Amino acid sequence: MSVDTKAIPSQILRRVRETVRANDAWRSHTINLIASENVLSPAARSVLDSDLLHRYAEGHPGGRYYEGTRYVDEIETLTAEAMCRIFKASWSDVRPISGTVANEAVFSRIVPQGAPAIAHTVAGGGHISHARIGSLGKRTKNIHAWPMQDDGYTIDVDVARDLIAKEKPAVVVLGRSLFLFPEPVAELSEVCRENGTRMLYDGAHVLGLIAAGEFQDPLHEGADVLNGSTHKTFFGPQRGVMLSDGGDEAFNKTLDKGVFPGSSSNHHLFSLPALLVSALEVETFGREYAKATIANARALGASLAKRGFVVSMADRGYSASHQVAVDVAPFGGGKDVSARLCSQDIICNMNLLPGEPGKNAFNPRGVRLGVQELTRFGLGPDEMDVVADLMHAAVTAGRDVRPEVQALRDRFPEVKYGFAVTDLG
Ligand code: DSN
């Protein structure tokens, strides 16, 4: 980024507020389909701005390296307990500030330098932190891709079992950024145990669906650790979480050290109360929300297919999560189409489709659509049909749909499935 050294501070200062307000105003009337985002309830938002913005709390409640933490200790303990309740876990760490930091905490402690590992490639839907150029790649370049069936999405379990038995990897990573269907956790857990392999399930995208019992239950199907980010389908502030069950104290201690001092010192205390409120919302409204989200994803897939789009995994009902993947190559490809949609206030990202070669990453065939935010605003299957119609008009006919996008969003101004500020007393 080039820097304007002649800029005048007072002018920039005004620009800061204007820019933030402009973003607020714009995003409030867009159709947001970015699958990794969501919005906070008014109750969760109301506890974000506090003295905790200024404070430090390394270590754990009861074992801090700083004085002055008595209140954040209480919040952190309540949040960790809520996470254990929600995921029926015996151990949780709520200090990682993102899903990637949580992954770093695991990889840095359980993957010896150069050891074999198995993960999804980015082209296979994997997250960048599982890749050779990401967090896992700092420990090892010896990363094998999960073998895939012909659909380019589904892991070939028999071949995967043989690969684990042959390579004896230090870690296998299940879970992805293009995450349409559950992973074969139960099917692979035994061969992992037999070969001394730890299984990390990266549930960043589907954490809220797992919490609700509406996707799969990785910890009880055999994963050693469930990592996630707390701001996608788990509709909290931007943070991460790690969970395990089964009481392997030595393993939990290893993970704990991976978080602190391994991958973070302080952990952005200001957003912890908002995470606690959001976790209580997930406990209260999570199942209803997750069911609505999955129904909306399937409805959007069907509505787009009805209008002639090729939607991935049609034979399996498009999705069992919050996402659908759509082939937009006939209309210019993912880069061009996502930019055109954004100019019409419909926001999504370009994405490689299942089975597409990684070399296409900068102009893939597809776009990835996530309905978790629209669902939180209360939109349902009927509105998914309207969204599909607007996308179709914008992409195939170049129509200016911004007024219709705004009209749709104006009908759903309130965040649902959450508490009101007054519920906080
Ligand atoms: N890369 C983000 C995504 O899936 O959108 C998650 O970190």
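Data for the structure
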read-out: Pairwise centroid distance, computed over Cα atoms, of the stretch 122-145 with the stretch 267-299, Å; value: 28
read-out: Candidates Ala115, Ala407, Ala89, ranked by Gaussian network fluctuation over the chain, Cα under 10 Å, top entry; value: Ala407
read-out: Extension gain from Ala22 to Lys88, taking 0.36 nm per residue of separation minus the Cα-Cα distance; value: 19.6 nm
read-out: ³J(HN,Hα) computed for each position of the stretch 159-173 - Karplus, 6.51 cos²θ - 1.76 cosθ + 1.60, integer Hz, glycine/proline x; value: 5, 5, 4, 4, 5, 5, 5, 6, 8, 6, x, 5, 8, 10, 10
read-out: Whether the stretch 239-390 is rounded, prolate or oblate, judged on the alpha carbon gyration tensor where a/c under 1.5 counts as rounded; value: prolate
read-out: Assigned charges on the beta-carbon of Lys, Arg, Asp, Glu; the stretch 318-376 dipole about Cα centre (debye); value: 100
read-out: Gaussian network model of the chain, springs between alpha carbon atoms under 10 Å - residue of Asp93, Asp158, Asp217 with greatest fluctuation; value: Asp158
read-out: Computed accessible area, Arg402, all protein chains, 1.4 angstrom probe, square angstrom; value: 110
read-out: Percentage relative contact order, the chain, counting C-alpha pairs under 8 Å, at least six apart; value: 23
read-out: Gyration tensor verdict on the stretch 185-255 (Cα atoms; rounded if a/c is under 1.5, prolate if a/b is larger than b/c, oblate otherwise); value: oblate
read-out: Rg/Rh for the chain, where both radii come from Cα atoms and Rh is the Kirkwood radius; value: 0.97
read-out: Accessible area of the stretch 77-141 divided out per residue, in Å², using a probe of 1.4 angstrom; value: 36
read-out: Mean-position separation - Cα centroids, the stretch 319-395 and the stretch 153-228, in angstrom; value: 26
read-out: Total charge dipole magnitude, the stretch 194-334, about the Cα centre, Cβ charges on Lys, Arg, Asp, Glu only, Debye to nearest 20; value: 620
read-out: Violating pairs (Cα-Cα greater than 27 angstrom) within the set Lys88/Lys166; Lys138/Lys166; Lys141/Lys168; Lys306/Lys335; value: Lys88/Lys166
read-out: GNM result for the chain, Cα springs below 10 Å: residue of Tyr289, Tyr201, Tyr65 fluctuating most strongly; value: Tyr65
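The values are calculated or read from the model by the stated rules, or taken from the named source; none is laboratory data. Keep in mind that what you see is a predicted model, and the values were worked out from it rather than measured. Note that each Cβ is placed from the backbone with ideal geometry, even for glycine, and that neighbours are counted across all protein chains shown. Keep in mind that these areas ignore ligands, DNA and RNA; they rest on the heavy atoms of the full protein, side chains included. Shrake-Rupley method; radii C 1.70, N 1.55, O 1.52, S 1.80 Å.
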